[in-house]
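Report on the following structure.
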Amino acid sequence: MTKFSSTWRFIPPIEASGIIQMSIDNWLFQQQEKENHTPILRFYTWSKPTLSLGHLQKKYPDFWHHLIWQEQPLDLVRRPTGGRAVLHQDDLTYSVIIPLNYRKTLDVYQDICTFLIQGWNSLGIPLEYGLTKRGYIHNSSCFNTATVADLVTSDGSKLIGSAQRRGKCSILQHGSMILSTNKLLFEMIFNQPAPWNLTLMEQLSDNYSIEQIIDVLTEAAKQHFEIELITQPLSDEEWKEILKYQSFF
């Protein structure tokens, strides 16, 4: 584990649209690139079902622009990070922004993922890394492949898919943690079987609230990185900048 600043900023959980959430992550990352801010940890949820595309994902079905679910248009947004498309529906997303330290991409992934492994293990769900090689680029869905940067349960279900953006002096890594989903919606979008063990998700939701899960993961981050988290919500001024910065897909 690489040592960082002993104090990180913790932004309290926010529920918002995909456009807003991606704008927040992108804006915070760009600010870190401009100035040497303290590292940031935040968790957030999506206010409606949304499909997010990887930063460099150029090929995808045209009908994704016209998806309808429960008589409402499905939002389509682009992430500032790489990877394939992710369906966000009742999932929890984490976001970490840290100094670059010029480490290899996989080293950073696994360092950050360690706190997720520790946290989920304390919730009774042991996780391990996936094994898929670069063949994943031919699959439009992030969650139907599991690379060495992803975390899967003992039955092979992918629970956490992460993606990264490397700048000149900082790294943004965020990832989706599937707490619940609708298999029909997934299969409608990707024309593939949904990869999740829904029984496991139902048991998890019966035992823990999303607030409790966030508390456990936050404590795991503090222990793994050996840090103090200072809670600091986004200020009014930051919100103004983020809303000006947001880009519509």
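Coordinate-derived values only; no laboratory data. What you are looking at is a predicted structure, and each value in this text was computed from that prediction instead of being measured. Note that each Cβ is placed from the backbone with ideal geometry, even for glycine, and that neighbours are counted across all protein chains shown.
For Leu100, the residues 5 or more places off, or on other chains, whose built amide H falls under 5 Å of its own are Ser170, Ile171.
What full-extension length gain, to one decimal in nm, is calculated for Trp64 and Tyr129 as 0.36 nm per residue of separation minus the Cα-Cα distance?
Details: separation 65, 0.36 × 65 = 23.40 nm, distance 2.96 nm.
In short, 20.4 nm is gained.
Rounded to the nearest Hz, the phi-derived 3J(HN,Hα) couplings of region 77-89 under the Karplus curve 6.51 cos²θ - 1.76 cosθ + 1.60 (θ = phi - 60°) are 9, 10, 7, x, 10, x, x, 9, 5, 10, 8, 9, 8, where x marks glycine and proline. Globularity index of region 7-242 is 0.96 (Cα radius of gyration / 2.2 N^0.38 Å, N = number of residues).
Amide H to amide H distances under 5 Å link Gln164 with Gly82, where only residues 5 or more positions off or on other chains count and H is placed in the peptide plane.
Computed from backbone phi, the HN-Hα couplings of region 118-127 come to 5, x, 5, 5, 5, 8, x, 10, x, 10 Hz, rounded to whole numbers (Karplus: 6.51 cos²θ - 1.76 cosθ + 1.60, θ = phi - 60°; Gly and Pro given as x). On a full-extension model of 0.36 nm per residue, what is the gain between Leu243 and Thr231, subtracting their alpha-carbon distance, rounded to one decimal in nm? Here the segment from Leu243 to Thr231 would lengthen by 2.2 nm. Take every DSSP beta bridge whose two residues both sit in the chain; close to 65 percent of them are antiparallel.
Which of the residue pairs Lys48/Lys222; Lys104/Lys168; Lys48/Lys244; Lys34/Lys104; Lys48/Lys183 have a Cα-Cα distance greater than 24 Å in the structure shown? Beyond 24 Å between Cα atoms: Lys48/Lys222. Of all DSSP-defined beta bridges confined to region 1-97, some 50% are antiparallel rather than parallel.
When +1 charges are put on Lys and Arg Cβ atoms and -1 charges on Asp and Glu Cβ atoms, the dipole computed for the chain relative to its Cα centre reaches about 1140 debye.
Sequence-ordered 3J(HN,Hα) estimates for region 206-213 from the Karplus curve with 6.51, -1.76 and 1.60 and θ = phi - 60° stand at 6, 8, 9, 7, 5, 5, 5, 4 Hz, glycine and proline given as x.
Can you tell me the relative contact order of the chain? Whole percent, Cα pairs under 8 Å, sequence separation 6 or more.
Result for the chain is 26 percent.
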